[in-house]
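Participant: I am attaching a structure below and will ask some questions about it afterwards.
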Amino acid sequence: KPTTDEHYIPRCYLKQFTIDGERLYQYDVISKKQTPVPVPITSIGYKRNLYEFQNENGEFIHRNLIEKCFVPYEGIFEDVFRSIQAKAINKANLATRSFLIEKEKAFLMLFLTTMILRAPETLQELSETTKDIYNRNISDATAKNLVLQTGLPIYKKLDFKETTLFNAVLGLFEDMAFVIGITEQDVLLTSDKPVLVTG
């Protein structure tokens, strides 16, 4: 049975904000209301068939290809999160200029890149831009397929020299520094749009 509810905020990320590894409190900034009971992370941060290739008749092609490819990446992300958290609470690292190893930095860059490119608003905006580039002579399905192919090419071996949307966004992080903070209180929040890139 294919997956239809495809998360644009990975559950391995949401898990970092849960009360029990499975549920978190949800706050709606528009209505200014918080859910009275925690909600499962499986029920938030997803959209139906978000990463699906489709033909002109609306039929799915390579069903769940990108969704399935996210699974091993997210397992690695979860391991990297745990490793970074363990280092961050080690008081010996407070005096260290950088305790992240290259692999952790690389996966943080990869994680942030996928977080930006998998957001529904980003995919929609990129699809509209693609249609503009082709003078509106391509269908919505073709535009979305092109965006998925160049924006989330994780279904094949990544070639960092290839000209893709993915590599363009990844390149934004090359000269950036990662700053990691910790707190002993439950004061950390996240958002359904957790990544902001400016400048």
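Participant: LEU108 - would you say it is aliphatic (A, V, I, L, M), surrounded by 14 or more Cβ atoms within 10 Å (Cβ to Cβ) and touching a strand residue (DSSP E or B) at 6+ places or on another chain (Cβ under 7 Å)?
Facilitator: Criteria not met by LEU108.
Participant: Taking the stretch 72-95 only, how many residues are loosely packed, with under 12 Cβ neighbours inside 10 Å and hydrophobic (A, V, I, L, M, F, W, C)?
Facilitator: Selection size over the stretch 72-95: 5.
Participant: Of all residues in the stretch 50-71, how many are part of a loop (DSSP other than H, G, I, E, B) and either touching a Gly at 6+ places or on another chain (Cβ under 6 Å) or of a type in the set (A, V, I, L, M, F, W, C) (or both)?
Facilitator: So the answer is 1.
Participant: Would you check which residues across the stretch 157-199 are part of a loop (DSSP other than H, G, I, E, B), more than 30 Å from ILE19 (Cβ to Cβ) and open to solvent by 70 Å² or more (accessible area, probe 1.4 Å) and list them?
Facilitator: If the condition is that a residue be part of a loop (DSSP other than H, G, I, E, B), more than 30 Å from ILE19 (Cβ to Cβ) and open to solvent by 70 Å² or more (accessible area, probe 1.4 Å), then LYS157, ASP159, PHE160, LYS161, THR163, GLU174, ASP175, MET176, ALA177, THR198, GLY199 are the ones that fit.
Participant: Here's another thing I want to ask about it. Could you tell me whether the stretch 36-49 includes any residue that is touching a strand residue (DSSP E or B) at 6+ places or on another chain (Cβ under 8 Å), at pLDDT 95 or above, over 19 Å from PRO194 (Cβ atoms) and exposed (fewer than 13 other Cβ atoms within 10 Å of the Cβ)?
Facilitator: For the stretch 36-49, residues touching a strand residue (DSSP E or B) at 6+ places or on another chain (Cβ under 8 Å), at pLDDT 95 or above, over 19 Å from PRO194 (Cβ atoms) and exposed (fewer than 13 other Cβ atoms within 10 Å of the Cβ): present.
Yes or no, residue by residue, for (1) among the polar types (S, T, N, Q); (2) in contact with a helix residue (DSSP H, G or I) (Cβ under 9 Å, 6 or more places away or on another chain):
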{"residue": "ILE9", "(1), (2)": "no, yes"}
{"residue": "LYS15", "(1), (2)": "no, yes"}
{"residue": "ASP20", "(1), (2)": "no, no"}
{"residue": "LYS32", "(1), (2)": "no, no"}
{"residue": "THR35", "(1), (2)": "yes, no"}
{"residue": "ARG82", "(1), (2)": "no, no"}
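The values are calculated or read from the model by the stated rules, or taken from the named source; none is laboratory data. Bear in mind that the values here come from a model prediction, so they are computed numbers and not experimental data. When we count neighbours, we look across all protein chains shown, and the Cβ atoms used for this are built from the backbone with ideal geometry, even at glycine. Ligands, DNA and RNA are excluded from the accessible area calculation, which covers all protein heavy atoms including side chains. Shrake-Rupley method; radii C 1.70, N 1.55, O 1.52, S 1.80 Å.
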